[in-house]
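**Q** I have a structure I would like to understand better, so I am pasting it below and will then ask my questions one at a time.
The values are calculated or read from the model by the stated rules, or taken from the named source; none is laboratory data. Just so it is clear, the model here is predicted, and its values are computed rather than measured. Don't worry about glycine lacking a Cβ; one is built from the backbone with ideal geometry, like all the others, and counts go over all protein chains shown. Please note that ligands, DNA and RNA were not included when accessible areas were found on the heavy atoms of the full protein model with its side chains. Shrake-Rupley method; radii C 1.70, N 1.55, O 1.52, S 1.80 Å.
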Amino acid sequence: MKSIPQISLHEAAAMVKDNDILLQGGFGMTGNPVHLMHALAETNTKNLTFIGNNVGEVGIGGGRLLRNGQLKKMIGSFFTSNPEAVKAAQDGVVAYELLPQGTLAEAIRAGGAGIGGFFTPTSAGTALAEGRETKILNDVEQVFIPSIRGNVAFIRAWKADTAGNLQYRMTEQNFNRAMATAADLVIAEVEEIVAVGEIAPEYIHTPGSFVDYLVQATLTLEDLGSSASVSSSRKASESRMHMAKRALQELKKGDVVNLGIGIPTLVADLITEEDGIILHTENGMLGVGPTPIDGGGAMDYPVNAGKIPVTALAGASYFDSADSFAMIRGKHVDVAIMGGLQVDESANLANWAVPGQPLLGVGGAMDLASGAKRLIITMMHTEKNGDAKVVSICDLPLTALKAVDMIITDKAVFEFIDGNLTLIELMPGATLEEVQGLTSAQFAVKLS
């Protein structure tokens, strides 16, 4: 069995050269090779193209390289978690490319597999598809995405043996597994290095043939950023809880369900073991349980797509981001419940960007909206200024075309029946006249 060189953080950082394309694993700061990134931040290496789900957090991980001016371009899916990355992009200080999260994961996996690119329905008809080749395949519009490879990949695993075989912990697989295959030089930062044979073959997630160097580095709470612990949340309003309870009524025992951020997360607090709902999170977990009651963070628990520590129910499983989005695009997720900014009469959804607002993160929204078998949108009926959110035609950047099956607001429940927007239920305290006055879309009425 071969032996992989074990080097220091500074030796690893010195292997990254000016103008390199750097892949960095992690989802938020979970599974993030933060020590390698900080060592690189101590060098004079510059003009890097950074590829990762997000650019760390402010002053942590990739955020430190950004602050130092070492990045010339960022390619990722959710820059919003780092306000300094958003500002750098909007001010033109750093070039950027925004990709849906599943598209990013699949592009990296394709790069590692020697595939030149692929077509995907995700982002078709949206601003992110502009300038890209499209084709109608199997009667579905699909967008061509080139594969992604890097000069260097910095990844994080929990354990390695001296042959470079890697084992990941909980939701720390995320982008790491694909990135380990997709760079000319792969350096793995690990918590522990053990002798060959101490990791059973069935627990090896990345074979050592993909790994060039190992670096041992101990994780601390500070390295986990906002996922270090569970903070107390504000009490949800009565209207939001009504929406969450109504959404729960749409779920059946055995359903695989993905919950977006905002109002949809309240549904998780209502699900009981007897409901038999299997929660999916796009960063790599099935069987998501409630938040830890002991306040513990990502050092001891997995995290969900909101980067919040959660528990794992009996029968839960972990996997990487590429497999997670294969589940979504492959129609293995029964229901997605997401927030919305607008839904129109044609079942089009806008929920990821507002012109003029500092939001540069699409995350997994486009993949889920086009890939889940059924899409339920929960949102307030109007904007704070009274503008309708159920509209004739969306005028905000689109997330997905003809994708919405049901809308649940604080005023009403709409369903698309035979392609027609139909009011099927009034929420507590709402009247038909009120809903008609607050809705700019035309809709049929079929109240029970």
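**Q** Out of the residues in region 392-431 that are outside any strand (DSSP E or B) and among the small types (Gly, Ala, Ser), which is most open to solvent (accessible area, probe 1.4 Å)?
**A** Taking region 392-431 first, the residues outside any strand (DSSP E or B) are 392-399, 401-405, 409-411, 418-419, 427-431.
Next, only the ones that are among the small types (Gly, Ala, Ser) stay: 392, 403, 419, 429-430.
On the way: Ser392: 49, Ala403: 17, Gly419: 56, Gly429: 81, Ala430: 17 Å².
Taking the candidates together, the pick is Gly429.
**Q** Ok, one more. Could you please tell me which pairs satisfy a Cβ distance under 6 Å, a separation of 6+ or placement on different chains, a first residue in region 38-54 that is on the phi < 0 side of the Ramachandran plot, and a second residue that is in a helix (DSSP H, G or I) and of a type in the set (Gly, Ala, Ser)?
**A** As it stands, the answer is Ala39/Ala13; Leu40/Ala13; Thr43/Ala13; Phe50/Gly62; Asn54/Ser81, since those pairs meet every condition given.
**Q** Restricting attention to region 140-151, and to residues there that are of a type outside the set (A, V, I, L, M) and part of a strand (DSSP E or B), which single residue is farthest from Phe210 (Cα to Cα)?
**A** The qualifying residue farthest from Phe210 (Cα to Cα) is Glu141.
**Q** Let me ask another. State all residues of region 1-29 that are open to solvent by less than 10 Å² (accessible area, probe 1.4 Å) and within 25 Å of the chain's Cα centre (by Cα); if no residue qualifies, say none.
**A** Leu22, Leu23, Gln24, Gly25, Gly26, Phe27, Gly28, Met29
**Q** Right, another one. Answer with yes or no whether Val215 is open to solvent by less than 60 Å² (accessible area, probe 1.4 Å), at pLDDT 95 or above and either within 19 Å of the chain's Cα centre (by Cα) or farther than 29 Å from Gln6 by Cα (or both). Break it down stepwise before answering.
**A** On the way: open to solvent by less than 60 Å² (accessible area, probe 1.4 Å): yes; at pLDDT 95 or above: yes; either within 19 Å of the chain's Cα centre (by Cα) or farther than 29 Å from Gln6 by Cα (or both): no.
In short, no.
**Q** Out of the residues in region 302-318 meeting the condition of being among the hydrophobic types (A, V, I, L, M, F, W, C) and within 20 Å of Ala365 (Cβ to Cβ), tell me which one is nearest to the chain's Cα centre (by Cα). Can you show your working first?
**A** Quick first cut of region 302-318, residues among the hydrophobic types (A, V, I, L, M, F, W, C) only: 303, 305, 308, 310, 312-314, 316.
From what's left, within 20 Å of Ala365 (Cβ to Cβ): 303, 305, 308, 310.
Details: Val303: 11, Ala305: 6, Ile308: 12, Val310: 16 Å.
Looking at residues that are among the hydrophobic types (A, V, I, L, M, F, W, C) and within 20 Å of Ala365 (Cβ to Cβ), I get Ala305.
**Q** Identify the single condition in (1) on the phi > 0 side of the Ramachandran plot; (2) touching a helix residue (DSSP H, G or I) at 6+ places or on another chain (Cβ under 8 Å) that Phe27 does not satisfy, given that it satisfies every other one.
**A** Looking at each condition in turn, Phe27 falls short on (1).
Conditions (1) surrounded by 20 or more Cβ atoms within 10 Å (Cβ to Cβ); (2) under 18 Å from Gly371 (Cα atoms); (3) without any contact (Cβ under 8 Å) to a residue 12 or more places away in the chain, marked per residue:
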{"position": "Gly112", "(1), (2), (3)": "yes, no, no"}
{"position": "Phe119", "(1), (2), (3)": "no, yes, no"}
{"position": "Glu141", "(1), (2), (3)": "no, yes, no"}
{"position": "Lys159", "(1), (2), (3)": "no, no, no"}
{"position": "Tyr168", "(1), (2), (3)": "yes, no, no"}
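**Q** While we're looking at this one, here's another question. Which of the residues spanning region 172-212 are assigned to a strand (DSSP E or B), open to solvent by 30 Å² or more (accessible area, probe 1.4 Å) and of a type outside the set (A, V, I, L, M)?
**A** Asp184, Glu191, Glu192
**Q** Report yes if Gly131 is at positive phi, out of contact with any strand residue (DSSP E or B) (no Cβ under 9 Å at 6 or more places or on another chain) and not hydroxyl-bearing (Ser, Thr, Tyr), otherwise no. Step through it out loud before you land on a result.
**A** Details: at positive phi: yes; out of contact with any strand residue (DSSP E or B) (no Cβ under 9 Å at 6 or more places or on another chain): yes; not hydroxyl-bearing (Ser, Thr, Tyr): yes.
The answer is yes for Gly131.
**Q** Please work out which residue is modelled with the lowest pLDDT, limiting yourself to region 224-234 and to residues that are open to solvent by 20 Å² or more (accessible area, probe 1.4 Å) and assigned to a helix (DSSP H, G or I). I'd like the intermediate steps shown before the answer.
**A** As a first pass, look at region 224-234 and keep what is open to solvent by 20 Å² or more (accessible area, probe 1.4 Å): 225-226, 228-234.
Okay, now just the ones that are also assigned to a helix (DSSP H, G or I), so 225-226.
Values: Gly225: 87, Ser226: 84.
Filtering region 224-234 for residues that are open to solvent by 20 Å² or more (accessible area, probe 1.4 Å) and assigned to a helix (DSSP H, G or I), the one modelled with the lowest pLDDT comes out as Ser226.
**Q** Can you name the condition, by its number, that Asn32 falls short on among (1) assigned to a loop (DSSP other than H, G, I, E, B); (2) surrounded by fewer than 24 Cβ atoms within 10 Å (Cβ to Cβ)?
**A** Checking Asn32 against (1) assigned to a loop (DSSP other than H, G, I, E, B); (2) surrounded by fewer than 24 Cβ atoms within 10 Å (Cβ to Cβ), the one that fails is (2).
**Q** To continue, here is another question. Taking the condition of being in contact with a helix residue (DSSP H, G or I) (Cβ under 9 Å, 6 or more places away or on another chain) and outside any loop (DSSP other than H, G, I, E, B), how many residues in region 112-139 meet it?
**A** Residues meeting the conditions: 5.
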